[in-house]
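Enquirer: One structure follows; several queries about it will come next.
The values are calculated or read from the model by the stated rules, or taken from the named source; none is laboratory data. Quantities reported herein were computed from a predicted structural model and do not represent experimental measurements. Cβ atoms come from the backbone with ideal geometry, glycine included; neighbour counts cover every protein chain shown. What goes into the accessible areas is simple: the full protein's heavy atoms, side chains included, and nothing from ligands, DNA or RNA. Shrake-Rupley method; radii C 1.70, N 1.55, O 1.52, S 1.80 Å.
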Amino acid sequence: DQQVKQNSPSLSVQEGRISILNCDYTNSMFDYFLWYKKYPAEGPTFLISISSIKDKNEDGRFTVFLNKSAKHLSLHIVPSQPGDSAVYFCAANTGGFKTIFGAGTRLFVKA
Amino acid sequence: DTGVSQDPRHKITKRGQNVTFRCDPISEHNRLYWYRQTLGQGPEFLTYFQNEAQLEKSRLLSDRFSAERPKGSFSTLEIQRTEQGDSAMYLCASSSGTATEAFFGQGTRLTVV
């Protein structure tokens, strides 16, 4: 039962362009959504989050958009930098603290 | 404080042996989580503690798995009678207050041979 789905295993983007990572979910009870970034040999690092009562949250180069009716969220990175190359996990929880993660999308930013 | 610390970083064990992992969370964090991650997948929730109380356990946590956080500080995860399917990265994370985001350790990679 995969409640959080990231259907693109990988994404390749040119430096300076926009990266868009997508995520779909099935559980309408989720009320908080998060993105984590993971470099090799490190644990995931929190990047940005959004509450279900909002449709957009921005932090510097990172913006998360939430479309509740479509049960879809996306992470936009602009401009993309080579240091952004990592695996990005979409995650969600129901306000408790059990967080469900997607399988991740590996982002390659080419210089 | 240098963040969430896990020990050991790597563990190779023979099938049927017991293993124990340790996690030291960020000192002021009252919540502690264990996750398991296999290749190509995201972290899967195993269990979480608020202080010393284990508040939720996943169905993934079979009776061979046990976790403790005796004094509300560090935690241990024990796997008894290990099986090859237990081979994975075991991640610990911690958080505090009302924050739903967590800080992860570097993980313990378990290989069962």
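Enquirer: When all alpha-carbon pairs of the stretch A:1-94 are counted, what percent fall beyond 15 Å?
Expert: 58 percent
Enquirer: Which whole-number percentage describes the relative contact order of the stretch A:12-78, with Cα contacts under 8 Å and a sequence gap of 6 or more?
Expert: Across the stretch A:12-78, relative contact order equals 35 percent.
Enquirer: Can you pull out the trypsin sites (Lys or Arg not before Pro) in the stretch B:7-113 that DSSP calls coil and that have at most 16 other Cβ atoms within 10 Å?
Expert: Answer in residue order: B:ARG9, B:LYS14, B:ARG15, B:ARG59, B:ARG64, B:LYS71, B:ARG81.
Enquirer: Now for a different question. Using unit Cβ charges (K, R positive; D, E negative) and no other charged atoms, how large, in debye to the nearest 20, is the dipole of chain A about its Cα centre?
Expert: Its charge dipole is roughly 100 debye.
Enquirer: What residues have an amide H closer than 5 Å to that of B:SER58, excluding those fewer than 5 places away on the same chain, when H is modeled at 1.01 Å from N in the peptide plane?
Expert: So B:SER58 has HN proximity to B:THR47.
Enquirer: On to the next question. Given a 1.4 Å probe and heavy atoms of the protein chains only, how would you sort A:HIS76, B:HIS10, B:HIS29, largest accessible area at the top?
Expert: The ordering from most to least exposed comes out as B:HIS10, A:HIS76, B:HIS29.
Enquirer: For the pairs A:LYS38/A:LYS110; A:LYS56/B:LYS57; A:LYS98/B:LYS14; A:LYS38/B:LYS71; B:LYS11/B:LYS57; A:LYS38/B:LYS14, note any where the Cα-Cα span goes beyond 26 Å.
Expert: The answer is A:LYS56/B:LYS57; A:LYS98/B:LYS14; A:LYS38/B:LYS71; A:LYS38/B:LYS14.
Enquirer: Next question, about the same structure. For the protein assembly as shown, take N as its residue count and report Rg(C-alpha) divided by 2.2 N^0.38 Å.
Expert: 1.02
Enquirer: Right, here's the next one. How large is the translational diffusion coefficient of chain B in µm² per second when you combine the Kirkwood radius over alpha carbon pairs with Stokes-Einstein at 37 °C and 0.692 mPa s?
Expert: Approximately 235 µm²/s, per Stokes-Einstein.
Enquirer: Tell me, what HN-Hα J-couplings in whole Hz come from the Karplus equation 6.51 cos²θ - 1.76 cosθ + 1.60 at θ = phi - 60° for each residue of the stretch A:104-111, using x for Gly and Pro?
Expert: x, 10, 8, 9, 10, 10, 8, 6
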